[in-house]
1. Under a Cβ-only charge scheme (Lys and Arg +1, Asp and Glu -1), can you give me the dipole magnitude of the chain about the Cα centre, in debye to the nearest 20?
2. So, taking all protein chains as they sit and a 1.4 Å probe, how much accessible area belongs to H434, in Å² rounded to tens?
3. From the protein chains alone at 1.4 Å, what is the descending order of accessible area for H874, H268, largest first?
4. Report W179's accessible area, 1.4 Å probe, all protein chains in place, as a number in Å² to the nearest 10.
5. Which angle between 0 and 90 degrees, to the nearest 10, do you get for helix 579-593 versus the longest principal axis of the chain when only C-alpha atoms count?
6. How big is the accessible area of R893 in square angstrom, nearest 10, if you roll a 1.4 angstrom probe over the protein chains?
7. Using +1 at the Cβ of each Lys and Arg and -1 at the Cβ of each Asp and Glu in the chain, identify which of F946, Q19, A796 lies farthest towards the dipole's positive end.
8. On a 0 to 90° scale, report how tilted helix 633-648 is relative to the longest principal axis of the chain, with both axes built from alpha carbons and the result rounded to the nearest 10.
Amino acid sequence: MKQDGGPEDILFARASQRQILLDALEQVGSSANGRNLILISGDSGTGKTALACSLQLPVQAAGGHFLSGKFDQIQQKSQNVIANAIGQYASNKLLQDDELVQSLKQSLGRDTRCLVDMIPALAELFPQELDDDSDTRTNEWMQDMTTLQSRTRGAFLKFLSGICSPKRPLVLLLDDLQWASKGDYQIIRDLLTTTAEDLQGILLVGACRVVDGDHELARFIRDLSKTVSITDVVLSNISASDVQCYLVSVFPGMEPPDIDTLAKMVYHQTDGNFFFIKQFLANLLDQKLIKVHRDGMASLDKPRLEEQAKSDDVLHFIVANLRRLSPEIQSLLQSASCLGVNFGLNLLEYVVIPSNGIATMDLVESCAKKGILSLKSTFAASSTSLSTSEWGFAHDRLQQASYVLIPEESKEAFHLSLGRSLREKMSKIELEKHLLLVTSHLVHGARLINSQPEREEVAALCLRAGQKSASQCNFDDAGGFIDAGLSLLGESKWTGNYELSLRLVNAGAEICYVRVKFDRLEELATEVFRNARCFEDTIESHTTHIFALGSRYRLEEAIAEGVKVLDQLGEPLPDSFSLMAMRLEHYRTRRLLSKYTGRRLLDLPPMKDPKKLASMRILNLLYSYAFWSNDIRSTLITYRAIQMSLEYGLCAMTGVAFSFYAGYLCLFGEIDQGNNYGDIALRIIDRFHAKQWSGRVAITVNSFVKPWKNRLDELQPAMDSAYKLSFATGDTEYAMMGRALAVTYRFKTGVDLRTCYLASVEFREQLVHHEQNVVLTLFQPMLQAMANLYGKSENALVLTGSFMDEAKAIAAAKKDNNLLALGVLYLAKAITAFFLSEFEVAAECARLSGDLKKAWNMSAPMAFMQVFFEGMAHLVSGKPNIRGAKGCLRELRAFSRLAPTVLSFEINLLEAELAATKGKVNFALEKFEVAIAVAQRRGVTHEQAFACERAAAFMSKVGQSEKATQYLDEAVELYKSWGCDRKVKKIEKQKSSMQL
């Protein structure tokens, strides 16, 4: 327990708990993970905060930083606790480290704006960056709130990665965690679960009261514990002997018999709750029941002490004590309780009505002497005087008790009066700083506002508060402010204040998308469609609505609405689109582009027509949905975006269109041109500083363009970087798609099966967490295939297990006509069957996958695998189909013309099998050896093993059993090295029964 007033902090009966915290601090400084969470729970007054704060000196001694933030039960909507805690550190420390600030500027780039929106205290560190970004802020942020959440989090994580490390750990105390919001929980989850390798050296210490199992915090902790190791520290009240030790330290001059009497009384009255002990003792001292004499001795008024009644309610006891204070102090405490955990004296002076000539500062100091308010030590060192310092309640129970002093029937009027006083007396700068606090008070009393002009003024503040909350990733609070603003405008809002109504409803719809409140989003979008004065005013709501339809996999509806919007914008798309029409558009686009060199193309003027820019955004949205739903118009969308850019000028989304176009060129065999336009796409993004699209373009180029010429192992670093970039910039859907391809490609590069499997399981958890169901549907077959090969399922040939049910997946894909999902599923099943030498099953799955490859073969590696396995299926199962195998071989050779090393393994092994089928022993053996050597040189263990196994089968067939055994033994060792125990057991079983 903590004793106030002395030069040292004393903890009673907490040695073992403190050691847990010290051990965690040491682990953060040395662990490869370097991120931990300690949860200190207990009843109010058990010393949770004091225990956590005991880490402050050890952290500083370790070269780290101890930060703290406290959540507020009363002012939950005006909190930004985690960001404000970081802001304390930044304002005090970063200004002294110019080298670190410069490093952060380089890392954040144009994401600086959203970081400052989240942590306003950092604005003074980045003045030039904010000035440079001011012109594009509105277009980039509030008109694309759907990317704001992830992008802001990404900037926040980059910032933390720059300021903390195991050598300078950051310990963040989050006090009264039970009052945190969902947005706060999300930040905590990001800090602990992000895959950012350079985010190390963070220890989160959460202090909270014991909550029931249905509390939001309890549900969050249960969910978080599935992926994060959480250290629980449970505090209870101190024992009777600890109470006695504490009293000895407080009253060293009291006689032992009196200490015994007092200890029994205190323990009986307080049950050992330390906060209640301190309040109880303060009350006894105030009533002279304990007398401290000038010589330091202390004595008891025992007769009166025995009459002291016990209160069963801590809060009731504290309130009773506060009611004995002067009316002036009670009034000040009522106002202070509504200003947050910490507050400046200037805010109190705005809302406290002077009485009897007593200065506000005098009242504050009087409360400080009584132990009710305290000067916050975090700010005291940097404050020049008490009048400009930050103050706060000594304990949250005191704040709650002060709030209880306000009569329940007067609370609405009290909040309204408080909000009005703050709004009227604050400067513009102060109002912006405290916007959420002021607006929340006005909203609390909004029912009492009768003046329509004032209702509209407060509604406008609600819009600003909603936007500010959204910029801080507090989307639940943002939604609450927007709803309050709409309520203030009333039923006649569209005729009374059209512009404000439109902005509120549009912002509300975007916030609903982020909050996954789709029913409410539908209501708001419909309201805009019904009341908008012109079509242009509906574009923002249409865009949000299309986003929402797509995220729920209602792709046909999303495409239909997008087509309707494009038609209104003067860029109609046909309802149907033939293969011949696609070819015509392809040649038309090529002809138009032939007039431009790369340099001339990049020098085209920027697109300025608002309608064309809106069209480009809709086209960008529709491409993904058309691609996922196997709508051939995805190609037309790409061509249309490029044609518009050539006619009306370039924009950031032109870069996205060129990345898609590059992929199509590669698919059509124009691989060099595809790579060229892929590079142009990246350069267009750089020209427009379009970081919000940079990840999408990088993923498209590295996943769909570069693999046609480059080996996958060479591309892995670029793919990993593109995933991180896309995720950090808020393009979560593409980030997850890119990561899914990267993990799948990693399987192809020969990473050992266990590593690949575990990475895939971890990635699946990310997909579930981010609710990326489209990507999850496509990724799960490959994950289940890995699980089957790794021995994690009962039936290796059926993709049913921990991650999916094959029969249900096929039925769902057929119902939705999801050819892409079917193609990927059958390919994953074919891969599994091939490696387990179940060639009849493999052949059937390869054939089914081949029938669907037009739906998904833009991915070069996937296309290569499908053609290779289909060619193998023609030769190794049932009656050989030499003609079919030759067709697949021709296709692979055509693919490899411009990149002969990429497919050398597949071509040589297929040539070996074809020669074996024709009885060309020497040529077949030569090709088997070449295939084995290629796989070995690349380090692709499973392909080397597969080639050895096939060579063994061929040698056995031609009667060379000794050579066959050598190949098979080598295959076994390679499969062991890869980690495919199921395959090893099957081969060993075959060997024992002499069946090669």
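1. It works out to roughly 3260 debye.
2. Using a 1.4 Å probe on the heavy atoms, I get roughly 40 Å².
3. From most accessible down to least: H268, H874.
4. 50
5. Relative to the chain, helix 579-593 is tipped by roughly 70 degrees.
6. My reading of the accessible area for R893 is about 100 Å².
7. Checking the options against the dipole of the chain, the answer is F946.
8. Helix 633-648 sits roughly 70 degrees off the main axis of the chain.
The values are calculated or read from the model by the stated rules, or taken from the named source; none is laboratory data. These numbers were taken from a predicted model, which means no experiment stands behind them. No Cβ is skipped: glycine too gets one built from the backbone with ideal geometry, and neighbour counts run over all protein chains shown. The area values use the complete protein model at the heavy-atom level, side chains included, leaving out ligands, DNA and RNA. Shrake-Rupley method; radii C 1.70, N 1.55, O 1.52, S 1.80 Å.
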